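Trainee: Below is the structure I would like to discuss, written out as structure tokens.
Quick note: the coordinates plus some simple rules give every number you see, no bench work behind them. On a predicted model such as this, the values are computed, not experimentally measured, just so you know. Here the Cβ positions follow ideal geometry from the backbone for every residue, glycine too, while neighbour counts run over all protein chains shown.
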Amino acid sequence: MVKINCELCGKKEENLLKAVIESVELNVCKDCGKFGKVIGFVKKPEIKGKRKIYSVHSKQEEKSEILVEGFHEIIKKKRESLGLPQKDFALKINEKESLVHKIETGSFEPNLDLARKIERFLGIKIVEEYKESFERQKQAKDAGFTLGDFIKIRK
């Protein structure tokens with residue numbers, strides 16, 4: 001016996017109706033079915049057997065993207081090798097000249113979207129993937145005392 005929640009009131013029911021209420025198709029109970037046009041019954045989901053999924057992670061990896069060190073020098077050298085002044089470069093990538101100046105002097109770090117736009121235009125690589133891995137440490141019983149070992153609870 002599987003009970004499913006009514007998508008309108010939240011009541012758990014065994015038999016739900018499919019109804020169109022204010023142009024939205026919902027699975028509703030008999031009480032909520034009167035608020036719209038009933039178009040059928042909801043098929044009960046088949047449960048073939050419950051499976052428990054156990055996951056044991058000893059290592060976790062976190063991937064993020066960062067700008068390479070000296071990105072501002074790379075951008076400036078490539079722009080100059082193409083013979084583009086800052087003003088023209090800014091117009092080509094649809095940004096302000098002052099922003100390009102700040103990026104090239106290193107006083108402003110562009111977000112990843114802007115960095116990718118600069119990469120595509122200049123044909124350089126200034127965004128790299130950074131992986132950081134964590135290992136869970138198992139706490140041994142011989143780890144010493146904790147604060148809880150010294151606290152006396154009065155009853």
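Trainee: Hey, can you grab everything whose amide H is under 5 Å from the amide H of residue 42? Only 5+ residues off in sequence or another chain; H modelled, so Pro and N-termini drop out.
Mentor: Here 16, 17, 18 satisfy the definition.
Trainee: Right, next: Quick one: of 77/131; 11/43; 76/125; 63/102; 96/131, which pairs are farther than 21 Å apart, Cα to Cα?
Mentor: 77/131; 63/102; 96/131
Trainee: Same structure again: Please report, for the Cα atoms of the stretch 63-133, the Rg to one decimal and the Dmax as a whole number; what are they, in angstrom?
Mentor: Just the Cα atoms of the stretch 63-133 yield Rg and Dmax of 12.1, 42 Å.
Trainee: Next question. Counting Lys +1, Arg +1, Asp -1, Glu -1, what net charge surrounds residue 96 among other residues with beta carbon under 11 Å of its beta carbon?
Mentor: Net of charged neighbours comes to 0.
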